[in-house]
Amino acid sequence: QVHLMESGGGLVQPGGSLRLSCTASGSIRSINTMGWYRQAPEKERELVALIGSGGMTNYVESVKGRFTISRDNAKNTVYLQMNSLKPEDTAIYYCTYRDYRTVWGQGTLVTVSS
């Protein structure tokens, strides 16, 4: 099994920054993809950003230039640096891990409001 532990959500004003972290533990394979999805109220869950174990990244268009995903393979940890946050970024952010399995974290709430 793989378990994910997320941290870093909270309340921030528009234009502010937050950093999310997600650490995987358990039967982790060296080749995997980790990343973040989000779900806003009354909306479907959407991809935010993914990063492969080799460093290749993928972002949803709405966060390009504002969010940066990175990972520390030695720590099995993925980070999401979120800058220039907007109210529409408000959502529950879910960490995900994929090899031949897909595992989800419990989610962390990000609220962007003045």
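The values are calculated or read from the model by the stated rules, or taken from the named source; none is laboratory data. Given the structure is predicted, the values throughout are model-derived calculations rather than measurements. Note: ideal-geometry Cβ built from the backbone for every residue, glycine included; neighbour counts use all protein chains shown. Just so you know, the surface numbers come from the protein's heavy atoms only, side chains and all, with ligands and any DNA or RNA stripped out. Shrake-Rupley method; radii C 1.70, N 1.55, O 1.52, S 1.80 Å.
Per the listing Ser17, Ser21, Ser27, Ser84, the residue uniquely farther than 18 Å from Val112 by Cβ, open to solvent by 50 Å² or more (accessible area, probe 1.4 Å) and among the hydroxyl-bearing types (Ser, Thr, Tyr) is Ser27. Checked against (1) part of a loop (DSSP other than H, G, I, E, B); (2) in contact with a Ser or Thr (Cβ under 9 Å, 6 or more places away or on another chain); (3) closer than 22 Å to Asp99 by Cβ; (4) open to solvent by 50 Å² or more (accessible area, probe 1.4 Å), Gly55 passes all but a single condition, namely (4). For the stretch 30-45, the set of residues classified as open to solvent by 50 Å² or more (accessible area, probe 1.4 Å) and either touching a helix residue (DSSP H, G or I) at 6+ places or on another chain (Cβ under 6 Å) or outside any loop (DSSP other than H, G, I, E, B) (or both) consists of Gln39 only. With the requirement that a residue be out of contact with any Leu (no Cβ under 9 Å at 6 or more places or on another chain) and touching a residue at least 60 places away in the same chain (Cβ under 8 Å), what does the stretch 2-38 give you? Once the filter is applied, which keeps residues that are out of contact with any Leu (no Cβ under 9 Å at 6 or more places or on another chain) and touching a residue at least 60 places away in the same chain (Cβ under 8 Å), the stretch 2-38 yields Val2, His3, Leu4, Met5, Ile28, Arg29, Ile31, Asn32.
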